[in-house]
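The values are calculated or read from the model by the stated rules, or taken from the named source; none is laboratory data. Predicted model only: the values in this text are computed from it and were never measured. Every residue, glycine among them, receives a Cβ derived from its backbone with ideal geometry; neighbour counts consider all protein chains shown.
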Amino acid sequence: MRSHALALSILAGVVGADCERGSLEPAVFGLTLVAGSRSIGPLTDSVYGTLRETEHPLIVLVLDRAGTPMPGVPVTWAAFGGGTVRPIMPVTDAGGESIAEYTFGGEARGGYGAVASIEALGAEPIVFELRAHAATPTQIEKTGGDGLSLPPAAQVVYTVTARDSYGNPTRGVRIEWSVTSGGGSLSRSTTYTGRDGRAEVTRTLGVAPGDQATTATAPALRGAPAVTFTTTARSP
């Protein structure tokens, strides 16, 4: 697991029980958010269910009517929204806790989640609503302005998009731009990708006809990926 994950830990003390005549009676307690937020990621990480991990687990705490933790209560976990859930501790421990690991699908969005329920109690299940952010950016690609034919000294807008290994757009990636052939100038030498993962620059072509190239590089990404745009300055 990656230590830079923003973690979620919800202490859900929502279902209590008494053992009377061999049966469980429901008692409802409040939902308490004790750490983190409902926004987690990156996608390569999970909300994990062991104390040895840096990420916090999803936890359900089962209490009796006196507020005493109840061990030995089976808790059913289910995932929705495209992720998966794996119970680490499907039966409550000595502290009354059931713990689960949640792993996201490949898309950065909300709508992920997990449900914890105790069938014997008939109480309302607990719903964990989760949002995943994009993973670490790994690549850039050309998404606008490449391959055009324009008059010499004309202007063209080049656009790149930064993405993680799942293809999700990623923001805040520094893009360095340079003219690699043909002369002319750039509106900026450095830009940063926005919320949509895009960054752009305006190239003013040189006055000589022929192919003119501009290179965009993401120096902070592993391997410093780069792409080259080519625009043909056509003869008058």
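Whether any residue in the stretch 203-212 is closer than 30 Å to G105 by Cα, in contact with a strand residue (DSSP E or B) (Cβ under 7 Å, 6 or more places away or on another chain) and surrounded by 20 or more Cβ atoms within 10 Å (Cβ to Cβ) is what I want to check. Checked the stretch 203-212: no residue is closer than 30 Å to G105 by Cα, in contact with a strand residue (DSSP E or B) (Cβ under 7 Å, 6 or more places away or on another chain) and surrounded by 20 or more Cβ atoms within 10 Å (Cβ to Cβ). The number of residues in the stretch 177-187 being surrounded by fewer than 20 Cβ atoms within 10 Å (Cβ to Cβ) and more than 29 Å from T138 (Cβ to Cβ) comes to 2. A single entry from E119, E97, E124, E141 fulfils the requirement of being modelled with pLDDT of 95 or more, farther than 17 Å from G81 by Cα and of a type outside the set (V, I, T): E141. Is at least one residue of the stretch 188-198 of a type in the set (S, T, Y), touching a Pro at 6+ places or on another chain (Cβ under 7 Å) and either surrounded by 17 or more Cβ atoms within 10 Å (Cβ to Cβ) or in contact (Cβ under 8 Å) with a residue 60 or more places away in the chain (or both)? No: the stretch 188-198 contains no residue that is of a type in the set (S, T, Y), touching a Pro at 6+ places or on another chain (Cβ under 7 Å) and either surrounded by 17 or more Cβ atoms within 10 Å (Cβ to Cβ) or in contact (Cβ under 8 Å) with a residue 60 or more places away in the chain (or both). Across the stretch 133-159, which residue is farthest from E176 (Cα to Cα) among those that are polar (S, T, N, Q) and loosely packed, with under 14 Cβ neighbours inside 10 Å? Residue satisfying both the conditions and the ranking: S149. Of A213, A233, A224, all but one fail to be free of Cβ contacts under 8 Å to residues at least 12 places away in the same chain and not polar (S, T, N, Q); the exception is A224.
Yes or no: T170 surrounded by 17 or more Cβ atoms within 10 Å (Cβ to Cβ), in contact with a Gly (Cβ under 9 Å, 6 or more places away or on another chain), closer than 30 Å to E101 by Cα and among the hydroxyl-bearing types (S, T, Y)? Spelling it out, T170 is indeed surrounded by 17 or more Cβ atoms within 10 Å (Cβ to Cβ), in contact with a Gly (Cβ under 9 Å, 6 or more places away or on another chain), closer than 30 Å to E101 by Cα and among the hydroxyl-bearing types (S, T, Y).
Residue count for the stretch 61-87, restricted to those that are β-branched (V, I, T) and either surrounded by fewer than 16 Cβ atoms within 10 Å (Cβ to Cβ) or under 30 Å from P137 (Cα atoms) (or both): 4. If you go through the stretch 176-196 and keep only what is in a strand (DSSP E or B), under 28 Å from E107 (Cα atoms) and either of a type in the set (F, W, Y) or modelled with pLDDT under 95 (or both), you end up with just Y192.
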